[in-house]
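Participant: Here it is, the structure in full.
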Amino acid sequence: MEGIKDMPTHRAATPRRLLMCPPRHFDVRYSINPWMEPEKPTDTALALLQWEQLSGLFQELGHAVEVIDPLPGVPDMVFAANGATVVDGKVLGARFRHVQRTAEGPAYLQWFIQQGYREVLWPEYVNEGEGDYLTVGRRILAGTGFRTDPRSHAEAQEFFGLPVTGLTLVNPRHYHLDTALAVLSDTEIMYYPAAFSPGSQAVLREMFPDAILASHEDAALFGLNAFSDGLNVLLPQAAQGLQKQLLARGFNPIGVDLTELLKAGGSVKCCTLELRA
Ligand SMILES: CN(C)C(=N)NCCC[C@H](N)C(=O)O
């Protein structure tokens, strides 16, 4: 079995600080990704209930959850992961590709300023926060292809002073990096190879030869939109195959029902912005 002897036998959760935004104004009124079908009904109360269950679970697991108030008129603001990228207490603001989400960038940035964050950058180029920037140990993986401008990758590298590796997404159903790849620990990831260009697949194989590879079925169920604290991995309930793979590697997979939010193309990770001190 590939590299199994090198895998950690004892895993531990580390407490995190997370920012979330309740979906009080949740709706699907426009379509900017293939998951969004505005003609289908949505249930805001159910979205809020599912979100509260996720937030409650994080707290039961020992994580601190901060909350930003949702603005009316921007129903996708629930997807806090898109609101910024925070590493070493530095905040790279988000500049959205689509006009429907433009107001979210300044709203999130203002929250950080009000909270006393001092190193805050309003970006020059489009980037959709942790939707496309995922931190693995002291490296950052950066998506492009649908949302984040590739020129933003150099901007992020310069701002954070950490190596940034660009990865190109090629399948519109995986329009953000965190729909196709999840970070499990400081050295481990899981991903869906077919979501990436051939060159980016080769880069991922080179960097993470022992990564968990998701099946087409699990990736299509948004199974890679997951949050890990190093032990517990919260992911969409339906992604059963990934849950088995995670168990076999010593993680504790926890299935979560966020089906209402999935109507807008988001799930566990999308709702969760990690505030890295
Ligand atoms: C992984 N993350 C953060 C996300 N995938 N975010 C969900 C964004 C959904 C929104 N309707 C959009 O299309 O922007």
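Participant: What is the sum of charges, Lys and Arg at +1 and Asp and Glu at -1, for the other residues whose Cβ falls under 12 Å from the Cβ of GLN53? Provide the component values of the computation, followed by the final result.
Facilitator: Numbers: positive: none; negative: GLU52, GLU60, ASP257, GLU260.
Result for the neighbourhood of GLN53: -4.
Participant: Separation of the range 5-79 and the range 193-221 by C-alpha centroid, Å?
Facilitator: Cα centres, the range 5-79 to the range 193-221: 24 Å.
Participant: Where in the chain are the DSSP H helices whose alpha-carbon span along the long axis reaches 20 Å or more and whose Kyte-Doolittle mean is at least -1.0?
Facilitator: On the way: long enough: 44-60 (24 Å, 0.30).
Once both thresholds are applied, what remains is 44-60.
Participant: Can you check what the net charge comes to around ALA142, using other residues whose Cβ is under 14 Å from the Cβ of ALA142 (Lys, Arg +1; Asp, Glu -1)? Could the numbers behind the result be given before it?
Facilitator: On the way: positive: ARG139, ARG147, ARG151; negative: GLU128, GLU130, ASP132, ASP149, GLU155, GLU158, ASP178.
Within the 14 Å Cβ shell, the charges total -4.
Participant: If you count, for each residue, the other Cβ atoms within 10 Å and average over each peptide, how do 65-73, 257-265, 34-42, 78-86 line up from highest to lowest?
Facilitator: Numbers: 65-73: 14.0, 257-265: 21.3, 34-42: 12.4, 78-86: 28.0.
My ranking of the peptides, most packed first, is 78-86, 257-265, 65-73, 34-42.
Participant: Please compute the contact order of the chain in relative form: average sequence separation of alpha-carbon pairs under 8 Å and at least six residues apart, divided by the residue count, as a percent. Mind dumping the intermediate values first?
Facilitator: Details: 599 pairs, mean separation 60.9, N = 277.
The normalised contact order for the chain reaches 22 percent.
Participant: Here is a follow-up. State to the nearest 20 debye the size of the charge dipole of the chain about its Cα centre, where the only charges are +1 on K and R beta carbons and -1 on D and E beta carbons. Kindly include the intermediate steps, with their values, before the conclusion.
Facilitator: Values: 23 positive and 32 negative charges, 44 e Å.
It comes to approximately 220 debye.
Participant: Which semi-axes, in whole Å and largest first, does the equivalent ellipsoid of the range 151-244 have when worked out from the alpha carbon gyration tensor as the square roots of 5 times its eigenvalues? Could the numbers behind the result be given before it?
Facilitator: Details: eigenvalues 99, 50, 32 Å².
Values for the range 151-244, descending: 22, 16, 13 Å.
Participant: In debye to the nearest 20, how big a dipole does the range 167-255 give about its Cα centre with +1 on each Lys and Arg Cβ and -1 on each Asp and Glu Cβ?
Facilitator: On the way: 4 positive and 8 negative charges, 40 e Å.
Computed about the Cα centre, the dipole is about 200 debye.
Participant: Also, quick follow-up: How much accessible area per residue does the range 156-277 have, counting only protein heavy atoms and a probe of 1.4 Å, in square angstrom? Provide the component values of the computation, followed by the final result.
Facilitator: Details: 4260 Å² over 122 residues.
That works out to 35 Å² per residue.
Participant: Report the percentage of all Cα-Cα pairs in the range 179-223 whose separation exceeds 18 Å, rounded to a whole percent. Intermediate results must be reported in sequence, preceding the final value.
Facilitator: On the way: 207 of 990 pairs.
When every Cα pair of the range 179-223 is considered, 21 percent fall beyond 18 Å.
Participant: Same structure, new question: I need the peptides 50-61, 234-245 ranked by packing, meaning the mean over residues of other C-beta atoms within 10 angstrom, with the highest value on top. Mind showing how you got there, number by number?
Facilitator: Working: 50-61: 16.4, 234-245: 20.9.
The packing order, highest mean first, is 234-245, 50-61.
Participant: Provide Rg and Dmax in Å for the chain, with only Cα atoms included in the calculation.
Facilitator: 17.2, 52
Participant: Report, ordered by chain and residue number, the aspartates and glutamates lying within cross-link reach of LYS263, taken as a straight Cα distance under 16 Å and ignoring same-chain residues fewer than 8 apart.
Facilitator: Those aspartates and glutamates meeting the cut-off are ASP27, GLU37, GLU39, ASP43, ASP76.
The values are calculated or read from the model by the stated rules, or taken from the named source; none is laboratory data. All values derive from a computational prediction rather than experimental measurement. Note that we place each Cβ from the backbone using ideal geometry, even for glycine, and neighbour counts take in every protein chain shown. For accessibility, only protein heavy atoms count, side chains too; no ligands or nucleic acids. Shrake-Rupley method; radii C 1.70, N 1.55, O 1.52, S 1.80 Å.
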